[in-house]
Amino acid sequence: RSLGELGRVFEHYPWLLVVEGFTDSEFKPTPRHPQAESLALERARNAALVLLSQSNLSPELVQVAGLGMQRPRVPNDSASQRTLNR
């Protein structure tokens, strides 16, 4: 599903949504994102903005978190696995 579709579903419920952003094990620091968590937070923030812009979700019910390389979905052993962890 797209983020817009999810936002339109969740707008009917008074639940707190936490949008989590991640990176994979190949993260490379940049001046803009010196830590994996800052890149992950930007990813989460951008996803939350899409949710909010394409639905009537209350901004007070949307939080963001940048978790970096914590809690990978799958091992980071291949390019396709790393993609899943982003």
> Picking from R43, R73, R32, which is most flexible by a Gaussian network model of the chain using Cα springs under 10 Å?
Replying inline: R32
> Which of S78, A44, G7 sits farthest toward the positive end of the charge dipole of the chain, with +1 on the Cβ of Lys and Arg and -1 on the Cβ of Asp and Glu?
Replying inline: S78
>> Through the Karplus equation 6.51 cos²θ - 1.76 cosθ + 1.60, θ set to phi - 60°, convert the phi angles of the range 13-26 into ³J(HN,Hα) values in whole Hz; use x for Gly and Pro.
In response: 10, x, 8, 6, 9, 10, 8, 9, x, 9, 10, 9, 6, 9
>> Using only the alpha carbons of the chain, what is the convex hull's orientation-averaged projected area in square nanometres?
In response: 6.0
>> Tell me the per residue accessible area of the chain using a 1.4 Å probe; a whole number in Å² is fine.
In response: 67
> Given a 1.4 Å probe and every protein chain left where it sits, what share in percent of the accessible area of the chain is carbon and sulfur?
Replying inline: 55
> Taking only C-alpha pairs under 8 Å that are 6+ residues apart, what is the relative contact order of the chain in percent?
Replying inline: 39
> Tilt of helix 36-53 relative to the longest C-alpha principal axis of the chain, in degrees (0 to 90, nearest 10)?
Replying inline: 20
> Where in the range 1-46 are there chymotrypsin sites (Phe, Trp or Tyr not before Pro) that are in a DSSP coil and have at most 16 other Cβ atoms within 10 angstrom of their Cβ?
Replying inline: W15
> Just V74, V18, V50 to compare: in a GNM of the chain, with alpha carbon springs under 10 Å, which one fluctuates most?
Replying inline: V74
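The values are calculated or read from the model by the stated rules, or taken from the named source; none is laboratory data. Note that the structure is predicted; figures quoted are calculated from it, not measured. Note: ideal-geometry Cβ built from the backbone for every residue, glycine included; neighbour counts use all protein chains shown. Heads up: the accessible areas ignore ligands, DNA and RNA and are worked out on the full protein's heavy atoms, side chains in. Shrake-Rupley method; radii C 1.70, N 1.55, O 1.52, S 1.80 Å.
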